[in-house]
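Have a look at the structure below before the remarks.
The values are calculated or read from the model by the stated rules, or taken from the named source; none is laboratory data. Just so you know, these numbers come straight off a predicted model, no measurement behind them. Glycine also receives a Cβ, built like all others from the backbone with ideal geometry; neighbour counts cover every protein chain displayed.
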Amino acid sequence: MARRLEGWPAAYAAGRANFRGHWLAVDPRVLIPRPETEGLVQLVVDWTARRREPPLVADAGTGSGAIAIALALEARVAGIIATDLSVDALNVAIDNATALGVRERISLRRGNLLEPLLEEPVDAVVSNPPYVATAEWEALEPMVKDREPRLALDGGVDGLGPTRALAAQAARALTPGGLLALELDERRAGATAAILTAEGFADVTVHDDLSGRPRYALGRRPERE
C-alpha cells in the first residue's frame, strides 16, 4: 500500500505480474508484461502447432522472460533463445524461468536484439520491441515514464528504430519459411508492415488485439530467395 501511495504501478508494488496464467516476478529492472503481449504469444503458439517439427525460437528483448517462458510452457518448441541488452533484465528472466521450471529449455544471452545468436539460424523470431517515439516520452503516464525502464520502451526518433534493426537481423537469421512476429504501436501498423515488406518478408499481415486495434505484425521469410 505504501508503494502504491508513492505512485508505484501495482505489479511493482506487489513484486509480481500474471501473464497468460503464469506468475512472474517483476520489479523496475523490467517492463511490466501487458495483456496485449499475450495475443502475440498466442499467434506464435498457433503457428508452432501447424508445423511438422518443433521450431527453435528466438525472443528478442526478453525483459522479464514473459514471452519465452510462456512459449516454453505452452508451445511445442525445440528450444528458445532469449536475449536482452540489460544484465538486470536477464537476471530477472533467469529467476522467473527457474521458478517456473523451464530454465533448461531457454538459453538466455546478453546482447542487442538478435546479435547474441552469433549467426545461429532459428525458425521463428518473436519480439515486443521498444516502440515509443522519443518525442512521446514525456506524454506517457507517470507510472510508466517514471517507473519502467526506458530502454524497454523508447524506440528512437520515430519509434521504429528497434523494429528496423530487428527486421534486418531476422531476414538473415531465420530459416527459409521462418516466422517473424512483432508487437507494434497501433499508430505505426502500416509503417511496421512496410518495414517487413522492404526487408523481403512474404505474407506480411497485421493482426488486431482483443480491443480491435492493430497490434501485431507477422511476416515469413520466403522459402527461396
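Scanning the stretch 37-54 for residues that are charged (D, E, K, R) and in a helix (DSSP H, G or I), we see that the one that is farthest from GLY177 (Cα to Cα) is GLU38.
Have a look at ALA202, ALA173, ALA198 and point out the one that is farther than 20 Å from GLY39 by Cβ, in contact with a helix residue (DSSP H, G or I) (Cβ under 6 Å, 6 or more places away or on another chain) and of a type in the set (A, V, I, L, M). Give the steps one after another, and end with the answer.
On the way: ALA202 fails: in contact with a helix residue (DSSP H, G or I) (Cβ under 6 Å, 6 or more places away or on another chain); ALA198 fails: in contact with a helix residue (DSSP H, G or I) (Cβ under 6 Å, 6 or more places away or on another chain).
Of the residues listed, the single one that is farther than 20 Å from GLY39 by Cβ, in contact with a helix residue (DSSP H, G or I) (Cβ under 6 Å, 6 or more places away or on another chain) and of a type in the set (A, V, I, L, M) is ALA173.
Just for the stretch 21-55: of the residues that are basic (Lys, Arg) and more than 15 Å from the chain's Cα centre (by Cα), which one is farthest from ALA66 (Cα to Cα)? Don't jump to the end; show me each part of the working.
Just the residues of the stretch 21-55 that are basic (Lys, Arg), to begin with: 29, 34, 50-52.
Next, from what is left, pick out any that are more than 15 Å from the chain's Cα centre (by Cα): 29, 50-52.
Values: ARG29: 14, ARG50: 23, ARG51: 23, ARG52: 25 Å.
Checked the stretch 21-55; the qualifying residue farthest from ALA66 (Cα to Cα) is ARG52.
Each residue in the stretch 160-202 was checked for being among the acidic types (Asp, Glu) and either surrounded by fewer than 16 Cβ atoms within 10 Å (Cβ to Cβ) or part of a helix (DSSP H, G or I) (or both), and 1 pass.
Here ARG109 clears all of (1) part of a strand (DSSP E or B); (2) more than 13 Å from the chain's Cα centre (by Cα); (3) surrounded by 19 or more Cβ atoms within 10 Å (Cβ to Cβ) except the condition numbered (3).
Could you pull out the residue among ALA70, ALA49, ALA60 that is loosely packed, with under 13 Cβ neighbours inside 10 Å and at pLDDT 95 or above? Every option except ALA49 fails the conditions.
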